[in-house]
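What follows is one structure encoded as structure tokens, with my remarks underneath.
The values are calculated or read from the model by the stated rules, or taken from the named source; none is laboratory data. Just so it is clear, the model here is predicted, and its values are computed rather than measured. Cβ placement follows ideal geometry from the backbone for every residue including glycine, while neighbour counts extend to all protein chains displayed.
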């Protein structure tokens with residue numbers, strides 16, 4: 001396989017000479033396999049051609065030996081040594097052809113495997129991109145909901161502050177009404193805390209400042 005060591009024992013950060021083909025760092029594995037297959041096919045064709053030539057020579061030798069003359073149509077003399085040499089060459093050529101055919105088959109399987117891996121990687125990338133977009137949409141929807149909730153919370157806070165202000169005014173008005181009624185019912189009665197900015201709060205006379213009840217240190221409730 002052409003992964004990590006290019007499948008041929010060469011590290012990806014070095015140049016390699018694969019079947020006579022220089023390999024660059026950034027070459028595409030599919031293109032590399034295609035070029036290797038092309039070179040292997042050329043070699044196979046050359047071997048096939050050599051095999052055919054060897055077979056023709058063997059046939060010629062067989063004919064020459066059969067007629068007992070050793071010559072035919074001006075052919076050179078061939079001895080037993082020449083016949084053995086050519087036969088050995090033919091056998092070697094056929095073996096090399098078979099080896100090349102086996103290598104071509106292996107390389108074709110690796111090409112199919114690489115294409116399958118590429119397709120799987122592309123499908124995974126597409127699926128991951130779709131999942132990312134879906135998560136992004138969900139995050140945007142959640143963000144909008146949070147912003148809406150924050151706006152609603154701010155509105156509720158303002159409403160609560162408004163209600164507190166109304167309750168404070170109502171309490172002040174009730175206190176003032178009670179003081180006025182005491183004055184009417186008891187003429188000449190000195191009522192501490194009757195000022196408009198003072199109210200009774202938890203047994204103490206307090207003045208109101210910025211919506212808060214602050215006890216008056218100079219005014220104490222009667223014992």
message = Is it the case, given these coordinates, that residue 168 is in contact with a strand residue (DSSP E or B) (Cβ under 8 Å, 6 or more places away or on another chain) and surrounded by 10 or more Cβ atoms within 10 Å (Cβ to Cβ)?
response = yes
request  = Please verify whether segment 88-108 includes one or more residues that are surrounded by 11 or more Cβ atoms within 10 Å (Cβ to Cβ), in the same structural domain as residue 49 (by TED's automatic domain parsing) and over 24 Å from residue 47 (Cα atoms).
outcome  = no
request  = Output yes when any residue across segment 70-81 is at pLDDT 75 or above and assigned to a helix (DSSP H, G or I), and no when none is.
outcome  = yes
query = Before we move on, is residue 101 modelled with pLDDT of 80 or more and touching a helix residue (DSSP H, G or I) at 6+ places or on another chain (Cβ under 9 Å)?
reply = yes
query = Of the residues that make up segment 59-68, is at least one within 51 Å of the chain's Cα centre (by Cα) and either at pLDDT 80 or above or part of a helix (DSSP H, G or I) (or both)?
reply = no
